[in-house]
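Everything below concerns the one structure shown next.
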Amino acid sequence: MYRDKDAVDQEGREKTNFFAMLHRMRYINRWSLMKNTETENIMEHSYEVAVIAHALALIRCEYFSEDRICPNPDKVAVMALYHDLPEIMTGDLPTPVKYATAEMRESYGVVEHEAASKLLAMLPEVLQDHYKPLILPDTSDPEVYEISRLVKAADRFGAYIKCLDEQKAGNNEFKSAMLGVRERLEQMNLPEIEWFMENVIPTYYKTLDELDG
């Protein structure tokens, strides 16, 4: 485990760089290889993913709960807020690069884990146990695994909505990306994804007047 060298000042007071580092999420832009009509940073993205993940968890609880693990939606939302935290250190690696080969994905996974560990070490020790399940989730736990799937689905919906917005603005750069994201969502085979796609996504095509009406 890393140790934050600035954890204690000369007067013996505990210091933490963790939250100031989180503040810098606003400087990490997504879709760096694509022509964007509007930039999107990982702080904005994380908020949207948290909102959608919370909704997907509620949809599962209310519509598709039979014989399934139904994680607490609030817990799902908090874990979603932290899902891209390592990118503060690594930046947003473009998908074609990240998934180019199995070796590339495995190597990047190691880098992500090291980055998350370094960020965790910036917290006072008494807080680290509270944040570790959020920053380094143990997906061998069945509930945590289901949370991670819901967060992944929300992450992909965030990407899908970004592609949709770019196409609405007349930017065809995102046409293929949108098809690929939709395919990956469908491959997850979750009923809450289908519900969200049918009942929520069409409203993103509406104008403000249509939404307000």
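Of the set (1) over 23 Å from residue 174 (Cα atoms); (2) modelled with pLDDT of 95 or more, all apply to residue 37 but (1).
Those residues that are basic (Lys, Arg) and under 17 Å from residue 81 (Cβ atoms), I need them from the range 150-188; list them, please.
First pass over the range 150-188, keeping only residues basic (Lys, Arg): 152, 156, 162, 168, 175, 182, 184.
If the condition is that a residue be basic (Lys, Arg) and under 17 Å from residue 81 (Cβ atoms), then 152, 156 are the ones that fit.
The set of residues from the range 149-171 being of a type in the set (S, T, N, Q) and either within 14 Å of residue 31 (Cα to Cα) or touching a residue at least 12 places away in the same chain (Cβ under 8 Å) (or both) comprises just one member, 171.
Could you please find all residues in the range 155-182 being over 16 Å from the mean Cα position of the chain (by Cα), part of a helix (DSSP H, G or I) and either of a type in the set (Gly, Ala, Ser) or under 15 Å from residue 42 (Cα atoms) (or both)? Selection gives 176, 177, 180.
Whenever a residue of the range 27-52 is farther than 12 Å from residue 165 by Cβ, its partners that are outside any loop (DSSP other than H, G, I, E, B) and acidic (Asp, Glu), lying with C-beta atoms within less than 7 angstrom and at least six residues away or across chains, give the pairs 28/87; 34/173; 35/173; 42/87; 49/155. Residue 134 passes every criterion in (1) modelled with pLDDT of 95 or more; (2) farther than 19 Å from residue 25 by Cα; (3) assigned to a helix (DSSP H, G or I) apart from (2).
Of all residues in the range 183-196, those being free of Cβ contacts under 8 Å to residues at least 24 places away in the same chain and either in contact with a Cys (Cβ under 8 Å, 6 or more places away or on another chain) or not in a loop (DSSP other than H, G, I, E, B) (or both) number 4. Please tell me if residue 203 is on the phi < 0 side of the Ramachandran plot, of a type in the set (S, T, N, Q) and not in a helix (DSSP H, G or I). Answer is no for this residue. Scan the range 58-75 for residues that are assigned to a loop (DSSP other than H, G, I, E, B), over 11 Å from residue 191 (Cα atoms) and either free of Cβ contacts under 8 Å to residues at least 40 places away in the same chain or out of contact with any Pro (no Cβ under 8 Å at 6 or more places or on another chain) (or both) and the total you get is 6.
Against the numbered list (1) crowded, with 19+ Cβ neighbours inside 10 Å; (2) more than 26 Å from residue 27 (Cβ to Cβ); (3) among the β-branched types (Val, Ile, Thr), residue 144 comes up short only at (1).
The sole residue among 123, 211 that is of a type in the set (A, V, I, L, M) and in a helix (DSSP H, G or I) is 211. Taken over the range 145-175, the residue count meeting the criterion of being among the hydroxyl-bearing types (Ser, Thr, Tyr) and either at pLDDT below 95 or touching a helix residue (DSSP H, G or I) at 6+ places or on another chain (Cβ under 7 Å) (or both) is 1. Inclusion of residue 84 among residues that are assigned to a loop (DSSP other than H, G, I, E, B), modelled with pLDDT under 95, of a type outside the set (A, V, I, L, M) and under 28 Å from residue 204 (Cα atoms) is warranted.
Quick check on my filter: what residues within the range 31-57 are touching a strand residue (DSSP E or B) at 6+ places or on another chain (Cβ under 9 Å), of a type outside the set (S, T, N, Q) and not in a helix (DSSP H, G or I)?
Restricting attention to the range 31-57, the residues satisfying the condition of being touching a strand residue (DSSP E or B) at 6+ places or on another chain (Cβ under 9 Å) are 36, 39-42.
From what's left, of a type outside the set (S, T, N, Q): 40, 42.
40 - this is the single residue of the range 31-57 that is touching a strand residue (DSSP E or B) at 6+ places or on another chain (Cβ under 9 Å), of a type outside the set (S, T, N, Q) and not in a helix (DSSP H, G or I).
The values are calculated or read from the model by the stated rules, or taken from the named source; none is laboratory data. Computed from a predicted model, the values in this text were never measured in an experiment. Reconstructed Cβ throughout: ideal geometry from the backbone, glycine too, with neighbour counts over all protein chains shown.
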